[in-house]
Every structure is written in structure tokens, then in C-alpha cells.
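Undergrad: Dumping the structure here so I can ask a few things about it.
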Amino acid sequence: MKIVVAVKRVIDANVKVRVKADGTGVETANVKMAMNPFCEIAVEEALRIKEAGGADEVVIVSAGPQGATETIRTALAMGADRGVHVLTDAVLEPLAVAKLLKAVIEKEAPGLVILGKQAIDDDCNQTGQMLAAVLGWAQATFASKIEISGETAAVTREIDGGLEKIAVKLPAVVTTDLRLNEPRYASLPNIMKAKKKPIETIAPDALGVDISPRLTVLKVEEPPKRSAGVKVENAAELVAKLHDAGVI
Ligand code: AMP
């Protein structure tokens, strides 16, 4: 079985994001970028399935500008076999990404596709679900455990009330939650080996996909600054204040 993993290049989770002065988006020029953390978990899971004998190839797909090649290379250094880079400078909405992934997946014919549950830049949490819909495949989102046996994947999902276990028929789309695994670091020899692994570059047009945006961003702004709290002298004062505020 082949596993396709979709990875997104985002602003590094440790960087303090700054909103552009004109409110049209966030500053990405000269900002450290990295693989979306949920995508790292997706790569790790695909590698573990392969290492356990459940898959024979792990293919990494990313859509985005030139820099996305670096993110694919990071996944190859973790141990993935090859990459596909859908090269575009256009702003990609989840539906466009889902359609691009569908076109690549139809060529690759994997048994399993793993995505992150959400990208930490736009926090959309839509692409996996949309991809399953456009492919007409089963989906198991927010996975904290994946067990493959034959034509089925048993997936434990993180839901509000706790954990839910479902079985999906393969091929299927799975999205990763935080507790699925702890991604490995790439070793130096593997970073060197990854330089020689193939990355195919494709243009969205060549896949016959219209990626024009359907949404208009009206304004991006910083969250309001939190106002300072009030110090109380004792518990009685706290209770009185909570009472006055109608909390108790
Ligand atoms: P989102 O729906 O934007 O929150 O993203 C959820 C997941 O979809 C990410 O963790 C990735 O696995 C995948 N994804 C989103 N955007 C891209 C992209 N441009 N290229 C490849 N995969 C993507």
C-alpha cells in the first residue's frame, strides 16, 4: 500500500505572528517558516505504518510557493520516499487545496491519505474533510490511534466527550490529532540522503484545477489587548465581587 501525506508550510509555531500594517494579512517576509505541526504528526504516522510493514511507500504532497520544497525535503529527511510539489504563488483556500490533492491522489492511487487536522496559520480545519468529500472516500478526522488491518482502518478519534472508535474502509482520508504520536527529528545522515530523493514539481493548470479564491478577506487584526485584572484582599472580597458580577 502507498500512503500520501499532505504537508503545509506555515509560520513557525515559535514565531510571534505580526499583522501587516494595512490589515490585509500577516507578515510572512523574512519570517521563519516550518512544517505545520499536525502535518509532522501525519508524516510520522505514515512512516510508522510503513516501518511496521503496513505500507511500502510514503509520498509527500505540498501545494504552495517555492519554499514548500524545503518542507517536503524535511519530510523526506524524516524518512518519506518522494515528494510532489504543486507549485503556485496563489493564495490557496482549503477547497482549492482539496481539489489539487484529489488530482494528485487520483494519479498516485494510495490506500491511505493522511493530513493534519488543521493548519496553524489559518486554523481552517477543512481540507481533510473537503478532500474526502471530493474523492467520495471515507474520512476519520482527529485521529489519536490508527490500526490498519487488511482493507480497513480502525481509528480512535478525539471528540468532545472523550474518544470514539470507528472503522473506515480503505482507501480513506485520516486527519491527525495531537496525541497520535511524537514526530521524530531527522538525523544528519537522513538529511543528506533526502537531498537525493526525488521531488516532482507540477503546476495547478497541469492538474486541470481552478484554484481561484471563493472567499474575500475583509480585514485581519490583532486580538484586543487584555485589560489588567484586579487584586482582591481576601476571599470575602472575591466572593462579593463574583456575586456582584452575577457569576455566583
Ligand atoms: P486546514 O484545513 O487549512 O486547517 O489544513 C488541514 C490540513 O490540510 C493540513 O494539516 C495539511 O495536511 C493539509 N493542507 C492544507 N493546506 C495545504 C497545502 N497548501 N498543501 C498541502 N497540504 C495542505
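Undergrad: Report the net charge of residues surrounding ILE105, where surrounding means a beta-carbon distance below 12 angstrom and charges are Lys +1, Arg +1, Asp -1, Glu -1. Walk me through the numbers on the way to the answer.
TA: Details: positive: LYS2, LYS99, LYS102, LYS107; negative: GLU106, GLU108.
Residues near ILE105 contribute +2 overall.
Undergrad: Ok, one more. Indicate, rounded to the nearest 5 percent, the antiparallel portion of the DSSP beta bridges found entirely in the range 2-218. Each step should come with its number before you reach the end.
TA: Working: 18 of 45 bridges.
For the range 2-218, the DSSP antiparallel bridge percentage is about 40.
Undergrad: Nothing charged except the Cβ atoms of Lys and Arg (+1) and of Asp and Glu (-1): what's the magnitude of the dipole of the chain about its Cα centre? Round to the nearest 20 debye.
TA: Working: 31 positive and 33 negative charges, 96 e Å.
Using only the charged Cβ atoms, the result is roughly 460 debye.
Undergrad: To test your reading of the geometry: what angle, between 0 and 90 degrees and rounded to tens, separates the Cα axis of helix 94-108 from the longest principal axis of the chain?
TA: So the inclination is approximately 20 degrees.
Undergrad: Find the eigenvalues of the gyration tensor of the Cα atoms of the range 15-129, then list the square roots of 5 times those eigenvalues as equivalent ellipsoid semi-axes, largest first, in whole angstrom. If you can, show how the numbers build up before the last one.
TA: Numbers: eigenvalues 140, 49, 34 Å².
The equivalent ellipsoid of the range 15-129 has semi-axes of 26, 16, 13 Å.
Undergrad: For a quick check: sort MET78, MET35, MET1 by the number of other beta carbons within 10 angstrom, fewest at the front.
TA: Details: MET78 23, MET35 27, MET1 15.
So the residues, fewest neighbours to most, are MET1, MET78, MET35.
Undergrad: Report the one residue of LEU100, GLY136, SER187 whose Cα lies farthest in the direction of the positive end of the charge dipole of the chain (charges on C-beta: Lys and Arg +1, Asp and Glu -1; origin at the Cα centre).
TA: In the chain, that residue is SER187.
Undergrad: When each pair of different Cα atoms in the range 2-218 is counted once in the 1/r mean, what is the Kirkwood radius in angstroms, to one decimal?
TA: On the way: mean 1/r = 0.0571 Å⁻¹.
The Cα-based Kirkwood calculation yields 17.5 Å.
Undergrad: Report, in degrees rounded to the nearest 10, the 0 to 90 angle that the Cα long axis of helix 68-78 makes with the longest principal axis of the chain.
TA: In the chain, helix 68-78 runs at an angle near 80 degrees to the longest axis.
Undergrad: Now a separate question. Starting from the range 24-101, pick out the GluC sites (Glu not before Pro) whose DSSP state is loop and whose Cβ has at most 13 other Cβ atoms within 10 Å.
TA: On the way: sites: GLU27, GLU40, GLU44, GLU45, GLU51, GLU57, GLU70; in loops: GLU27.
Filter output for the range 24-101: GLU27.
Undergrad: Something else about it: Sorted from largest to smallest, which semi-axis lengths in Å does the alpha carbon gyration tensor of the range 138-248 give for its equivalent ellipsoid, taking the root of 5 times each eigenvalue? Spell out each step's value before the answer.
TA: On the way: eigenvalues 416, 134, 89 Å².
So the three semi-axes of the range 138-248 are 46, 26, 21 Å.
Undergrad: Please give the charge dipole size of the range 153-206, origin at the Cα centre, charges +1 on K and R Cβ atoms and -1 on D and E Cβ atoms. Round to the nearest 20 debye.
TA: Values: 9 positive and 7 negative charges, 92 e Å.
Value, rounded to 20: 440 debye.
Undergrad: Pull up all non-local amide H partners of ILE199: gap of 5 or more, or a different chain, and H-to-H distance under 5 Å with H placed in the peptide plane.
TA: The list, which skips near neighbours in sequence, is GLY83.
Only the coordinates and a few stated rules stand behind these numbers; no lab work does. A quick note: this is a predicted structure, and the numbers were derived from the prediction, not measured. Here the Cβ is made from the backbone with ideal geometry for all residues, glycine too, and neighbour counts use every protein chain on show.
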